[in-house]
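First comes the structure, then the notes that go with it.
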Amino acid sequence: MGKSASTLPAMVLTLLIITAVAGTSLGFIYKLTQTPIAEAAVLKQQEAIRMVVPEFDNDPASEMYELTSEEGFTLKVFPAKKDGQCIAAAIESVSNRGFGGEVKIMVGLQPNGTIIDYQILEHKETPGLGTKMVDWFKPVAAGAEEKSRNAFFDKLFGIKAAEGDGGENGQSILGKNPGQINMTVKQDGGDVDAITAATITSRAFLHAVAVAYTTFTHNTDCESGATKIEEAPTREGAEQ
Amino acid sequence: MNQWKNFSKGFFKENAVFTLLLGMCPTLGVTSSAINGLGMGLATTFVLIMANLVVSLVKDFIPDKVRIPAFIVIIATFVTIVEMVMQAYVPALFDALGLFIPLIVVNCVVLGRAEAFASKNNVGSSIIDGAGMGLGFTMALVMLGSIRELLGSGFLFGLPVYPEEYGMLVFVLAPGAFIALGYLIAIINRFKRA
């Protein structure tokens with residue numbers, strides 16, 4: 001079969017047709033996927049909120065308000081209420097100090113600022129290193145089983161179990177109040193163990209948490225805004 | 001041409017990664033875990049099949065001098081479709097592969113097959129060639145991803161095999177990708193000669 005000759009009109013026409021068809025079909029697919037993409041984003045957000053605050057009976061997304069941090073970040077605050085009372089808030093916070101750019105997190109705070117739980121929303125940190133922040137700063141829960149297995153491997157490779165930290169680890173930030181502990185990594189004189197080989201990511205993560213804490217406790221009373229929380233958190237409260 | 005030969009050449013004899021050394025950017029970039037390799041491989045396979053199909057259909061209407069831009073537009077269209085569909089229906093995988101999906105456009109494997117095969121063969125052979133090449137590419141990515149994930153973090157397809165502390169971190173990072181790929185190619189070349 002003979003090819004079309006490479007004359008200017010033929011070339012222009014061919015490219016025109018191809019780009020027009022491509023454009024049209026992309027527009028069509030865009031329309032088709034627009035709703036699912038938006039839904040997936042909302043679902044992810046709601047999932048993250050549910051993960052970081054205790055059970056609530058309102059719709060945090062509809063009561064969302066925005067706060068501006070000292071550095072000029074815009075934080076989204078999702079108040080979680082039970083029986084009309086504000087029990088906690090999920091705060092979408094961000095730090096630009098990550099190893100690969102921005103680290104976006106959702107952190108749940110009690111009205112007094114005690115950390116309930118957190119979720120990583122978006123990041124570009126190194127896989128296998130910085131990505132450990134997803135559960136690094138949480139207490140080792142399923143520890144028992146893991147420990148026995150580690151003991152076996154420790155023996156196999158002749159490695160002595162690390163002494164010291166035992167039990168209460170210095171990694172977890174859950175149940176702690178950034179107002180009471182120094183929310184920086186140990187390398188910087190703080191109270192939190194950084195992720196092994198990912199100190200920069202750890203700093204960025206803690207920075208995002210700290211931004212959420214300061215902004216939240218200085219600007220709002222969980223419900224709406226204005227009043228500043230003065231009461232110091234009790235030990236019981238911090239234990240939850 | 002024998003269609004089985006046409007299909008199977010993508011796995012070994014003309015494997016995009018191990019033999020042709022095409023598409024190195026996604027190969028090295030996304031294979032930090034087996035599942036990422038699988039996702040990237042399948043996305044590329046889809047683009048390869050669709051691009052080969054369309055290119056072989058329109059090859060007679062495209063003047064020679066503008067064939068490369070025409071191919072690229074066709075490929076880019078399918079890549080964008082994959083990107084939007086993934087974002088809509090498998091957001092978790094999209095998050096993991098995010099940056100690399102648009103890069104399928106410039107993956108030499110796709111343009112290479114369009115130029116070297118689809119623009120010279122009929123529709124049927126082109127689809128089979130795309131499928132074979134794509135699945136061979138997927139296989140290579142999964143192999144590399146498995147090795148790196150296993151050596152680097154002690155996981156395989158996200159399942160723990162041995163405790164993470166004993167993993168060699170370097171394999172999860174970029175240098176490990178080069179080392180693992182180098183050894184894989186060496187081993188495969190050894191078998192090829194035998």
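Nothing in this text is a laboratory measurement; each read-out follows from the coordinates by a stated rule. Small disclaimer: the values here were computed from a predicted structure and weren't measured. Backbone-built Cβ (ideal geometry, glycine too); neighbour counts: all protein chains shown.
Binning at 10 Å from 0, report for the protein assembly as shown what percent of all alpha-carbon pair distances ends up in each bin.
4, 17, 23, 21, 17, 11, 5, 1, 0
Based on alpha-carbon centroids, what's the gap between the range B:175-189 and the range A:48-112 in Å, whole number please?
Measuring centre to centre over Cα atoms gives 45 Å.
Where the convex hull is taken over the Cα atoms of the range B:2-138, what is its projected area averaged over directions, in nm²?
7.8
Rounding to the nearest 20 debye, state how big the charge dipole of the range B:2-138 is about its Cα centre with +1 on each Lys and Arg Cβ and -1 on each Asp and Glu Cβ.
360
Among B:G158, B:G23, B:G176, which one moves the most in a GNM of chain B with springs linking Cα atoms closer than 10 Å?
B:G158
Towards the positive end of the charge dipole of the protein assembly as shown, with charges on Cβ (+1 Lys, Arg; -1 Asp, Glu), say which of B:V161, B:G39, A:H207 has the farthest Cα.
B:G39
Rounding to the nearest 20 debye, state how big the charge dipole of the protein assembly as shown is about its Cα centre with +1 on each Lys and Arg Cβ and -1 on each Asp and Glu Cβ.
It works out to roughly 2760 debye.
What nm distance separates the two modelled labels at B:V90 and A:E55, each placed 7 Å from Cα along Cα→Cβ?
Modelled inter-label distance: 3.6 nm.
Among the listed pairs A:K44/A:K186; B:K59/B:K192; A:K132/A:K176; B:K13/B:K59, which have their C-alpha atoms separated by more than 24 angstrom in this model?
In this structure, A:K44/A:K186; B:K59/B:K192; B:K13/B:K59 exceed 24 Å between Cα atoms.
Roughly how compact is the range A:1-104, stated as its Cα Rg over 2.2 N^0.38 Å to two decimals?
Rg over 2.2 N^0.38 Å, computed on Cα atoms: 1.89.
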